[in-house]
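S.K.: Dropping the structure in here first, questions after.
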Amino acid sequence: MSDGAVGVLVSGSGTNLQALLADGVPVCAVASNVDGVRALERGRRAGVDAAAFPLDRHASREERDLAMAEWLSEHGVQLVVCAGYMHLLTPSFLGRFPNRVINIHPALLPAFPGMHAIEEALAAGVEVTGVTVHYVDEGIDTGPVIRQEPVPIEAGDTVESLRARIQKVEHRLLPEVVHRLLEDELRSVM
Ligand code: GRF
């Protein structure tokens with residue numbers, strides 16, 4: 001992959017995006033399904049092109065995803081990283097980046113997929129949860145796992161304290177995995 005080949009999809013605060021930028025990941029575009037989120041601002045502040053593709057500005061989900069894919073391609077994106085992106089991607093988007101869309105999830109998949117992974121792990125009383133980086137397919141957090149790291153749940157943990165420990169792991173793991181994928185890709189074309 002060439003320099004600046006990473007596009008990041010975001011919906012919220014963008015702390016994982018910040019970790020990618022801080023670790024020197026060559027991010028060249030940031031896209032969101034929500035206007036005005038902090039993550040877009042973080043991208044712009046780092047000098048990266050950032051744009052929102054809200055559903056209400058497009059005829060359908062497919063059409064929105066196609067427009068977003070087109071915009072990312074125009075920026076030279078070859079690897080797409082979902083970092084807190086809270087919408088399912090349609091086949092029209094995934095088809096544009098085959099095996100090149102990854103996601104970070106705050107649980108040890110296949111346990112606790114979906115939007116409330118941290119709350120559900122805590123409520124289930126498991127002793128260990130964690131972080132998963134995986135390829136994205138059409139399901140909810142169902143694609144092949146690339147890397148996982150456990151995070152033990154401690155006595156007295158709240159959603160907030162557990163989230164803080166999980167995010168600390170995320171911010172180290174995601175840049176590591178992305179650098180690794182970029183290096184593997186470079187090796188395969190050399
Ligand atoms: C992260 O915990 C990630 O695992 C989940 O959404 C959260 C995004 O946080 N998919 P941020 O926007 O990167 O701060």
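Taken together, the values in this text are just the output of simple stated rules run on the coordinates, not laboratory data. Keep in mind the model is a prediction, meaning the values are calculated, not measured. Backbone-built Cβ (ideal geometry, glycine too); neighbour counts: all protein chains shown.
S.K.: Averaged over all directions, how much area does the convex hull of the C-alpha atoms of the range 77-190 cover when projected, in nm²?
M.R.: On the way: hull surface 28.6 nm².
With every direction weighted equally, the projected area is 7.1 nm².
S.K.: Quick one: dipole size for the range 2-89, taken about the Cα centre, charges +1 on Lys/Arg Cβ and -1 on Asp/Glu Cβ, in debye to the nearest 20.
M.R.: Result for the range 2-89 is approximately 300 debye, rounded to the nearest 20.
S.K.: Taking +1 at the Cβ of each Lys and Arg and -1 at the Cβ of each Asp and Glu, which of 72, 90, 58 sits farthest along the dipole of the range 47-100 towards its positive end, judged by Cα position relative to the Cα centre?
M.R.: Sorting the options by dipole projection puts first 90.
S.K.: Quick check for me: using +1 on Lys/Arg Cβ and -1 on Asp/Glu Cβ, what's the dipole size of the chain about its Cα centre, in debye to the nearest 20?
M.R.: Values: 16 positive and 26 negative charges, 72 e Å.
Dipole size: approximately 340 debye.
S.K.: Between residue 45 and residue 140, what is the FRET efficiency for a Förster distance of 30 Å, r being their Cβ-Cβ separation, to the nearest 0.05?
M.R.: Working: r = 31 Å, r/R0 = 1.05.
The calculated FRET efficiency here is 0.45.
S.K.: Still on this structure, I have one more. Can you list the residues, at least 5 places off or on another chain, whose amide H is less than 5 Å from the amide H of residue 137, using H built in the peptide plane?
M.R.: For residue 137, whose amide H was placed from the backbone, the distant partners under 5 Å are 142, 143.
S.K.: Next up: With N set to the number of residues, divide the alpha-carbon radius of gyration of the range 1-78 by 2.2 N^0.38 Å and report two decimals. Walk me through the numbers before you get to the answer.
M.R.: Details: Rg = 12.1 Å, N = 78, 2.2 N^0.38 = 11.5 Å.
Rg over 2.2 N^0.38 Å, computed on Cα atoms: 1.05.
S.K.: Now a separate question. From the gyration tensor of the Cα coordinates in the chain, what semi-axes in whole Å does the equivalent ellipsoid have, largest first, with each one equal to sqrt(5λ)?
M.R.: On the way: eigenvalues 140, 70, 53 Å².
Equivalent-ellipsoid dimensions as semi-axes: 26, 19, 16 Å.
S.K.: Under 5 Å between amide hydrogens, which residues at least 5 positions from residue 151 or on another chain qualify, with H placed 1.01 Å from N in the peptide plane?
M.R.: It is 129, 130, 131, by chain and number.
S.K.: Arrange 142, 158, 90, 129 by Cβ neighbour counts within 10 Å, fewest through most, would you?
M.R.: Working: 142 13, 158 9, 90 17, 129 24.
Ranked by crowding around the Cβ, least crowded first: 158, 142, 90, 129.
S.K.: Near the amide H of residue 11, under 5 Å away, which other amide H atoms are found, from residues 5 or more places off or on another chain, if H is placed in the peptide plane?
M.R.: Distant-sequence amide H within range of residue 11: 85, 86.
S.K.: Which values, in whole Å and largest first, are the semi-axes of the equivalent ellipsoid of the range 65-119 obtained as the square root of 5 times each eigenvalue of the Cα gyration tensor? Provide the component values of the computation, followed by the final result.
M.R.: On the way: eigenvalues 121, 22, 19 Å².
Those come to 25, 11, 10 Å.
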